[in-house]
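First comes the structure, then the notes that go with it.
The values are calculated or read from the model by the stated rules, or taken from the named source; none is laboratory data. None of these values were measured; they are calculated from a predicted model. Virtual Cβ from ideal backbone geometry, glycine too; neighbours counted across all protein chains shown.
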Amino acid sequence: MVEDITVEKIFGKGDIVKLFLQHYDTPDLEMKANNYANEVLNTNDFDEDEIVETEDFKKWLRNDLETEIYDLKWTFQNLLNGNGIAGWREMSVNKKWLENLRDGKIKTLGIYWSYEEEAAEPHWGYAEGKEDIYVRLKGILNVKDVNWIETFDANLYPSLGEDEKEIRMKEHGRIKLEEIKILGSDTDELEGKLIKLTPEILKKPYQA
């Protein structure tokens, strides 16, 4: 059965747009004011501070953000397979980390993931500055363990850019590991190789 994602199920039945507007800061408002001036007022000659105080802009902003929220909701709905969403995560690790993974000693994989493979960006903390091996993990993220507010925050705000494509997991959220690919390393012969994962590793429950 495919888990249905609805805005109401994720955030409740309150004013969802107001919830995210409260998270907007000055750079977000300035960028939205710029869009409003170009798209609605059709001008490049404007004062951002004046625009953000007008009722017409506030109404436009609410409608624009509501559209983005529901578009993002449908993005995740279309990615959903059963109760999981495929996610990718890049990390800098070392040989010891890979050995620990093969030995079943690794339990956590991190909370920051991307729902598009090429949008994944490196996260550090496992290489300790030596023997750097850059890997890309593919996992199935349990939809019930996604931190939806922080995920929508990361994808909705213009000051963060349009290329985040981020899924943020709750601490200890459930993840099923599917693949590890070496993107680069100090040892050239490792580059581009897939790490062979045993059935035991693939069946093992991992956490964010």
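Some observations on this one:
- Output for the stretch 87-107, where each listed residue is in a loop (DSSP other than H, G, I, E, B) and either aliphatic (A, V, I, L, M) or closer than 19 Å to Gly173 by Cβ (or both): Ile106, Lys107
- Qualifying residue in the stretch 55-73 (condition: part of a loop (DSSP other than H, G, I, E, B), of a type in the set (A, V, I, L, M, F, W, C) and surrounded by 11 or more Cβ atoms within 10 Å (Cβ to Cβ)): no
Per-residue answers, yes or no, for (1) outside the structural domain of Glu166 (by TED's automatic domain parsing); (2) modelled with pLDDT of 90 or more:
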residue: Leu19; (1), (2): yes, no
residue: Tyr36; (1), (2): yes, yes
residue: Glu48; (1), (2): yes, no
residue: Ile51; (1), (2): yes, yes
residue: Lys58; (1), (2): yes, yes
residue: Leu61; (1), (2): yes, yes
residue: Arg102; (1), (2): no, no
residue: Lys105; (1), (2): no, no
residue: Glu116; (1), (2): no, yes
